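What follows is one structure encoded as structure tokens, with my remarks underneath.
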Amino acid sequence: MQSRWSDDDARRFADEHRARWGEDLALRTYTSRLLGAEPALVLHGGGNTSVKGTVANAFGDEVPAIFVKASGRDMASIEPDGHPAVDLEYLLKLRALADLTDEAMTNELRTHLFDHRSPTPSLETLVHAFIPKKYVDHTHADAVLALTNQVGAANLVREALGENVIVVDSIAPGFLLAKAAAAAFEARPDGRGMVWMRHGIVTWGDTAREAYEAMIELVSRAEAFLKEKASRTLRVDVPTPIDTAVGRVARVAPIVRGLLTRRGDDAAPRRPVIVLPLVSAEALVFVDSKEGRALALTPPLTSDHLIRTRALPLWLGDADYDDPAKLRVQIATAVREYEEQYHAYVARHRSSVPDMPDAYDPSPRVLLMPGLGALAVGADAEAAAIARDIAEHTIAVKTAVAAMGGYLGLPERDLFKMEFRGFQQAKLRDVRAPLGGHVALVTGAAGAIGAGVCQKLLENGCHVAVTDLAGERLDRMTADLGARFGPRVAGVPLDVTDPTSVAEAFATVARTWGGIDLVVVNAGIGLVSSLAEMALEAFQKLERVNVDGTLTVLAEAGRHFAHQGSGGDIVLVSTKNVFAPGARFGAYSATKAAAHQLARIASLELADLDVRVNMVSPDAVFSHGAVKSGLWAEVGPDRMKARGLDEKGLEEYYRTRNLLKARVTAEHVANAVLFFATRQTPTTGATIPVDGGLPDATPR
Ligand SMILES: [Zn+2]
């Protein structure tokens with residue numbers, strides 16, 4: 001492992017933050033980010049760092065303080081305010097106590113912050129306070145875990161890292177670990193670092209750089225030692241080719257997703273999950289190897305991972321990828337068995353956790369499958385990515401252990417206590433947006449209504465596959481939405497007139513998030529022409545997009561929902577013209593009427609699958625922000641000419657012709673889509689007009 005320290009970067013960082021936060025905390029933040037940039041040291045919210053200094057109180061007195069990383073904060077992107085300041089002298093007094101529960105400790109930390117708005121400091125704050133060094137760094141480095149999670153670990157650590165590294169036995173994070181670490185430090189004040197069995201490593205220094213470089217040096221030594229001692233590789237007959245495994249993900253992930261989706265009812269909303277694949281050469285060797293199963297079903301590397309991955313993954317050893325019906329039964333059986341075992345695990349240990357909740361989720365977070373790799377599950381893309389990244393590093397560390405010795409993890413009762421302690425569960429507590437965990441596919445997403453629908457769905461927590469013809473418009477829309485909504489946006493090229501393209505787009509989304517819950521059929525084109533003047537080819541072009549395209553997307557959606565098995569929603573963006581057609585607009589009105597009728601048929605055919613199909617019928621949506629409506633680019637000039645109006649005048653004409661005198665926007669259409677997507681009424685085959693009230697166009 002290479003040091004990422006740069007004098008120039010450190011100076012720039014200090015210059016930027018010195019005035020507000022002081023040099024010490026600025027450099028603390030800089031090296032925390034260097035640690036966070038290395039996934040082999042910490043993942044997502046893992047690890048923690050601190051610096052000791054002073055804070056001026058209301059009297060102007062400089063009071064000793066410790067600035068320690070906030071619980072769950074990601075070091076890779078941490079800012080100076082991610083290290084809240086706590087009263088150091090008070091924290092040091094706590095060491096005299098015999099014990100302190102998590103709740104009591106949290107209370108002590110929160111009531112001794114210098115700023116009442118601060119986030120809660122790390123569960124390991126007292127370790128940082130009790131080690132009397134200015135800078136303290138703590139990580140869960142892969143290479144160190146590969147040493148500590150072995151039979152004979154203490155000797156291996158000393159052999160690998162040298163005698164001046166202090167070894168502390170396995171103790172659950174919290175008050176008692178802090179006391180043990182403090183005592184171990186005092187017995188060896190000349191130590192360069194400290195290793196905690198089956199947990200991680202701590203280093204320190206008088207400067208930010210010294211503590212950081214000590215971490216890099218010790219971890220590098222551990223890496224070199226592992227390399228030198230590796231004498232075996234995992235035994236694999238023929239590893240699965242990556243392409244084969246990737247192809248299987250598109251078929252397997254929706255089945256898993258459907259089985260793990262909580263079906264909604266009046267008491268609780270539907271709650272889908274996101275499923276992310278981990279398909280790599282290393283993962284395939286691991287799951288395909290003779291040792292894979294036994295290694296996979298050992299405890300996690302460190303208790304920090306429990307809330308993300310649970311104590312054990314689900315292992316599915318004999319999946320029949322060529323027989324979808326059998327595969328579904330196999331996965332369903334494996335999930336049921338996993339959940340039964342999880343309930344038994346809770347029953348065995350629940351008395352050891354005083355505030356154990358009655359309700360908990362027993363389903364797996366990581367599935368390991370020979371011939372495929374791993375599937376990671378989370379409440380949204382971010383949570384699933386954390387589980388996937390932990391699974392990836394777990395595979396790497398267990399592979400490294402298998403190369404030289406035997407794996408030894410934490411005992412089950414310790415795992416349970418860590419999984420259900422309030423401090424850890426608090427990291428998971430999320431207020432779910434109405435469409436959290438849902439995945440939508442929107443066609444024609446680069447247009448005005450499509451853009452408005454995508455934005456609305458994303459604002460409500462949905463993951464959205466933004467689809468349209470490949471090209472600059474799609475790329476720009478994806479980039480714009482991606483900048484605001486991050487990993488919940490995926491741009492997927494899709495041509496509704498090409499069944500292969502539609503099938504490939506659905507498969508891409510299945511490989512991206514595991515499946516789809518909502519399909520918004522929005523792609524459509526217009527044509528201005530009287531029937532007498534209409535060229536047949538021009539009419540047929542509209543048929544291809546508006547009718548064939550709708551049929552193709554409805555058909556693919558129906559097959560997908562049947563395969564996933566957890567219901568779904570389809571919303572067709574219809575038009576007021578279906579009910580009140582316009583002169584010189586016959587091609588559009590007729591083809592959209594056909595599309596509308598197809599959607600109604602779909603509502604009849606798919607109801608048994610708990611798939612609801614509904615329509616929204618807007619009138620005269622001109623744009624969404626900077627995105628102009630393609631339809632109005634076609635229709636507008638003709639209508640302006642016919643009525644002798646300019647663009648503004650035409651918008652005003654459409655506004656005043658409806659009962660409510662309302663200007664209809666893409667957001668209004670999106671609100672109607674959202675109403676159906678959130679399943680607020682038991683409704684299918686229905687149409688919501690979004691037109692300000694046009695009596696001739698009211699569906700009946
Ligand atoms: Zn830790």
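The values are calculated or read from the model by the stated rules, or taken from the named source; none is laboratory data. Predicted, not measured: the structure shown is a model, and the values here were computed from it. Using ideal geometry, Cβ is built from the backbone for each residue, glycine included, and neighbour counts are taken over all protein chains shown. Note: areas computed on protein heavy atoms with side chains; ligands, DNA, RNA excluded. Shrake-Rupley method; radii C 1.70, N 1.55, O 1.52, S 1.80 Å.
For region 192-221, filtering for residues that are within 16 Å of the ligand (Cβ to nearest atom) and touching a Leu at 6+ places or on another chain (Cβ under 6 Å) leaves 3.
For region 170-191, a residue qualifies if it is out of contact with any strand residue (DSSP E or B) (no Cβ under 6 Å at 6 or more places or on another chain) and away from the ligand (no atom under 15 Å from the Cβ), and the qualifying residues are LYS179, ALA182, ALA183, PHE185, GLU186, ALA187, PRO189, ASP190. The set of residues in region 342-369 being surrounded by 14 or more Cβ atoms within 10 Å (Cβ to Cβ) and either charged (D, E, K, R) or under 23 Å from GLY292 (Cα atoms) (or both) consists of TYR342, TYR345, ARG350, ASP361, SER363, PRO364, ARG365, VAL366, LEU367, LEU368, MET369.
Test of understanding: among ARG559, ARG643, ARG639, which residue is within 35 Å of the chain's Cα centre (by Cα) and at negative phi?
Values: ARG643 fails: within 35 Å of the chain's Cα centre (by Cα); ARG639 fails: within 35 Å of the chain's Cα centre (by Cα).
The conditions single out ARG559.
The number of residues in region 82-123 that are assigned to a helix (DSSP H, G or I) and either open to solvent by less than 50 Å² (accessible area, probe 1.4 Å) or in contact (Cβ under 8 Å) with a residue 40 or more places away in the chain (or both) comes to 12. Would you please name the residue that is nearest to the ligand (Cβ to nearest atom), looking only at residues in region 290-304 that are open to solvent by less than 30 Å² (accessible area, probe 1.4 Å) and assigned to a helix (DSSP H, G or I)? Among those that are open to solvent by less than 30 Å² (accessible area, probe 1.4 Å) and assigned to a helix (DSSP H, G or I), it is SER303.
Of everything in region 265-289 that is within 23 Å of the chain's Cα centre (by Cα), over 25 Å from GLY371 (Cα atoms) and not charged (D, E, K, R), the residue that is surrounded by the fewest Cβ atoms within 10 Å (Cβ to Cβ) is ALA268. Criterion first (over 28 Å from ASP569 (Cα atoms), within 35 Å of the chain's Cα centre (by Cα) and open to solvent by 70 Å² or more (accessible area, probe 1.4 Å)) does ALA626 satisfy it? Against the criterion (over 28 Å from ASP569 (Cα atoms), within 35 Å of the chain's Cα centre (by Cα) and open to solvent by 70 Å² or more (accessible area, probe 1.4 Å)), ALA626 qualifies. Filtering region 124-170 to residues that are assigned to a strand (DSSP E or B) and open to solvent by 30 Å² or more (accessible area, probe 1.4 Å) leaves only VAL167.
Selection of region 240-254 for residues being out of contact with any His (no Cβ under 7 Å at 6 or more places or on another chain) and surrounded by 19 or more Cβ atoms within 10 Å (Cβ to Cβ) yields THR240, ALA245, ARG248, VAL249, ALA250, VAL252, ALA253.
Once region 305-319 is narrowed to residues that are outside any loop (DSSP other than H, G, I, E, B) and open to solvent by 30 Å² or more (accessible area, probe 1.4 Å), the residue that is farthest from the ligand (Cβ to nearest atom) is TRP315. Residues being under 23 Å from ILE386 (Cα atoms), within 16 Å of the ligand (Cβ to nearest atom) and either in contact (Cβ under 8 Å) with a residue 60 or more places away in the chain or in contact with a Pro (Cβ under 8 Å, 6 or more places away or on another chain) (or both) are represented in region 61-69 by at least one member. Of all the numbered requirements in (1) within 26 Å of ASP243 (Cβ to Cβ); (2) in a helix (DSSP H, G or I); (3) modelled with pLDDT of 95 or more, ALA376 misses one, and that requirement is (2). Does any residue of region 386-399 turn out to be open to solvent by 30 Å² or more (accessible area, probe 1.4 Å) and aliphatic (A, V, I, L, M)? Scanning region 386-399 turns up at least one residue that is open to solvent by 30 Å² or more (accessible area, probe 1.4 Å) and aliphatic (A, V, I, L, M).
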